[in-house]
Amino acid sequence: MLPATPEPRAIDRDLPLDLVVVGGGINGCGIARDAAGRGLSVLLVEQGDLASATSQWSTKLVHGGLRYLEHYEFRLVGEALRERDVLLSAAPHLIEPLQFVLPHEPHLRPRWMIRAGLFLYDHLGGRTSLPKSRSERLDAAGLGAGLKPDYRRGFSYFDARVDDARLTIANARAAADLGAVIAPRTRFVGAAAADGVWACEFEGAAGDGGRHRLRARAIVNAAGPWVARVQDAIGGAPADARVRHVKGSHIVVPRLHPGEHAYILQNPDQRIVFIIPYLGAFSLIGTTDVAVDDFAHPVISDEEIAYLCATASRYCARPVAPADVVWSYSGVRPLYDDGAGEAAAVTRDYVLRDSVVGGAALVSVYGGKLTTYRKLAEHALERLAPHFPAMGRRWTHAVPLPGGDFRGGLAALTADLKQAYPFLPQDHLAGMARRHGTVAFDWLDEARSLADLGEHFGAGLYAREVDHMVAQEWALAADDVLYRRSKSGLMMDDAARAALAGYMQARTT
Ligand SMILES: Cc1cc2nc3c(=O)[nH]c(=O)nc-3n(C[C@H](O)[C@H](O)[C@H](O)COP(=O)(O)OP(=O)(O)OC[C@H]3O[C@@H](n4cnc5c(N)ncnc54)[C@H](O)[C@@H]3O)c2cc1C
């Protein structure tokens, strides 16, 4: 029998909380959800918006990571492949299967090596709902359209794509539904422990910029690139792990190839670059690996743009130039420093460090991937278990995320939405289904006409959906809606973005 979604637990503000989670990225939100469902009282603080750092700047894949096999990361790849299936059923609106095509270049990696890698990839994770890898004649299978005609042979395999920011917010929503307090725009300033309790200090809660204090029995430091900085602010915390900050950048250009598959391209420097169909009209190209010191404000460099354009141009029939770039973004991987020389070779696996200071528990998270966040959360809670003997057992493996409780794929959900709300324009339906899953029925509710959805800002974004994002998803500023809870900002002009900003300001002040 599947575990049921646990009942929410009310927080008694006179007692110390069980757990403070620092960081509203995928790892912090995943840990908050799991912990709240096990009956712990939880506060999650995020200094900016939820998913405003690394967790919105990924390649947007839920994948085993084919290339990590070359670095012998078998544990990570096996766990990630198993998680791929778990997450595909937990959030089928946010995570969809995606076919990858690898054009063959014999001088870069021989055929036997790729076949062996794909065989391992097919089997390391055990049983999967996704098709197995294949050798392909690209010209015959229609998988080479958009590539130079020289690329006739290749391989294909399946992974999945994800809406990274919305996956993060769905975890926060699930945590809040279970009684956790989610506090974006609240910075953890520091903590000191005595007699088994942390005295924590925060800044900015309630929008007044003031300082606030709260007691908790345990802290999880899931501050991503800031993990060492937060560790330094916790009195007595061991600074026992080092972080390597590695920037990865992506560019978005007008769509380069037809079809729904993505390309995985090999570069002569042994790195790989993806070209992924993105938001219908675009292609997403990434990523790079550049060691950086300034992890708080990563920006794509001209060299990275040139590198990504050159790689895509080596393969694509239509050359890609920097002038084609319509959007770009950079994120910083907070990687656990395993002493590797090259940035691309540093482990992508996560490491948890736990300690007890003044009798109070601290768990710190180093590294990780979106794909493995749920397992990471389970492991973090295992570390906390000795401090909370009454804590519940693992439960997230078979419980859908908010909106993910449907079967039959997005097409079936979109058809159900159309039946319930026949007035919704066809080209807006899929976006609403993708963003919200079955939760779309909640906020569409009694709407009977387009007029009931209020102002249309463009790209299928109506005031009624924005109101839902404000009320249920902690959206406060225009960018929270335009680029995280949706990607409508990419499809809107300046006037439409300004109209939304005006609406948000009136709505939230
Ligand atoms: C370029 C790139 C591509 C990637 N592609 C993939 C991919 O395709 N698939 C995949 O599985 N993984 C991918 N990853 C990895 C994945 O994105 C990260 O592992 C994951 O997002 C890290 O999440 P996090 O919660 O640890 O960190 P973050 O998302 O950075 O969250 C940490 C949060 O802590 C907050 N914080 C910091 N200090 C404080 C404080 N004092 N008080 C309050 N809050 C604070 C920050 O504001 C931040 O929001 C990629 C990473 C990068 C950079």
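The values are calculated or read from the model by the stated rules, or taken from the named source; none is laboratory data. None of the values given here were measured: they were computed from a predicted structure. Neighbour counts run over all protein chains shown; Cβ positions are idealised from the backbone, glycine included.
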Would you please name the residue that is surrounded by the fewest Cβ atoms within 10 Å (Cβ to Cβ), looking only at residues in the range 426-438 that are touching a residue at least 24 places away in the same chain (Cβ under 8 Å) and touching a helix residue (DSSP H, G or I) at 6+ places or on another chain (Cβ under 8 Å)? T438
Looking at this structure, is A237 in a helix (DSSP H, G or I), more than 10 Å from the ligand (Cβ to nearest atom) and within 29 Å of the chain's Cα centre (by Cα)? no
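Each row is one residue, and each column tells you yes or no for (1) aliphatic (A, V, I, L, M); (2) not assigned by TED's automatic domain parsing to the domain that holds A216.
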site: G28; (1), (2): no, no
site: D34; (1), (2): no, no
site: V42; (1), (2): yes, no
site: G48; (1), (2): no, no
site: K60; (1), (2): no, yes
site: H63; (1), (2): no, yes
site: L66; (1), (2): yes, yes
site: L81; (1), (2): yes, yes
Reported set for the range 195-213 where residues are within 29 Å of the chain's Cα centre (by Cα), at pLDDT 90 or above and surrounded by fewer than 18 Cβ atoms within 10 Å (Cβ to Cβ) is E201, E203
Based on this model, can you work out whether Y121 counts as in contact with a helix residue (DSSP H, G or I) (Cβ under 7 Å, 6 or more places away or on another chain) and over 30 Å from H436 (Cβ atoms)? yes
Given (1) assigned to a helix (DSSP H, G or I); (2) β-branched (V, I, T); (3) touching a strand residue (DSSP E or B) at 6+ places or on another chain (Cβ under 8 Å), number of the condition V86 does not satisfy: (3)
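Let's see how each residue does on (1) in a helix (DSSP H, G or I); (2) more than 16 Å from the ligand (Cβ to nearest atom); (3) of a type outside the set (K, R); (4) touching a Lys or Arg at 6+ places or on another chain (Cβ under 6 Å):
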site	(1), (2), (3), (4)
E303	yes, no, yes, no
A306	yes, yes, yes, no
R314	yes, yes, no, no
Y329	no, no, yes, no
R333	no, no, no, no
A340	no, yes, yes, no
T347	no, no, yes, no
V351	no, no, yes, no
State the number of residues belonging to the range 167-183 that are under 15 Å from the mean Cα position of the chain (by Cα) and within 13 Å of the ligand (Cβ to nearest atom). 5
Scan the range 454-463 and tell me whether some residue there is over 21 Å from V481 (Cβ atoms) and free of Cβ contacts under 8 Å to residues at least 60 places away in the same chain. no
Top-ranked residue of the range 12-64 - restricted to ones that are over 20 Å from R84 (Cβ atoms) and of a type in the set (S, T, Y), ranked as farthest from the ligand (Cβ to nearest atom): S41
Hey, could you check the range 322-368 for residues that are at pLDDT 85 or above, under 27 Å from G64 (Cβ atoms) and among the polar types (S, T, N, Q) and say which is surrounded by the fewest Cβ atoms within 10 Å (Cβ to Cβ)? S328
The number of residues in the range 270-291 that are aromatic (F, W, Y) and within 19 Å of Y157 (Cα to Cα) is 2
Could you tell me which numbered condition V227 fails, if it satisfies all but one of (1) under 29 Å from L81 (Cβ atoms); (2) part of a helix (DSSP H, G or I); (3) more than 21 Å from the chain's Cα centre (by Cα)? (3)
Does the range 285-304 include one or more residues that are farther than 30 Å from G23 by Cβ, surrounded by 14 or more Cβ atoms within 10 Å (Cβ to Cβ) and in contact (Cβ under 8 Å) with a residue 24 or more places away in the chain? no
Only residues that are in contact with a strand residue (DSSP E or B) (Cβ under 8 Å, 6 or more places away or on another chain), charged (D, E, K, R) and without any contact (Cβ under 8 Å) to a residue 60 or more places away in the chain: list them for the range 128-187, please. K132, R134, E136, R137, R152, R153
Subset of the range 296-317 (residues that are modelled with pLDDT of 95 or more and within 20 Å of the chain's Cα centre (by Cα)): P298, V299, I300
Suppose the filter is within 15 Å of the ligand (Cβ to nearest atom) and on the phi > 0 side of the Ramachandran plot; does R161 pass it? no
With the checklist (1) aliphatic (A, V, I, L, M); (2) under 29 Å from G408 (Cα atoms); (3) near the ligand (Cβ under 10 Å from one of its atoms) in hand, flag the one item A90 doesn't pass. (3)
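Determine which member of the set L256, L284 is over 26 Å from I182 (Cα atoms) and in a strand (DSSP E or B).
It is L284.
From R173, R185, R109, grab the single residue that is assigned by TED's automatic domain parsing to the domain that holds L40, part of a loop (DSSP other than H, G, I, E, B) and not small (G, A, S). Write out each step before concluding.
Numbers: R173 fails: part of a loop (DSSP other than H, G, I, E, B); R109 fails: assigned by TED's automatic domain parsing to the domain that holds L40.
Residue meeting the stated conditions: R185.
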Selection from the range 465-482 of residues that are under 25 Å from Y278 (Cα atoms) and either surrounded by fewer than 19 Cβ atoms within 10 Å (Cβ to Cβ) or free of Cβ contacts under 8 Å to residues at least 24 places away in the same chain (or both): M469, A477, D479, V481, L482
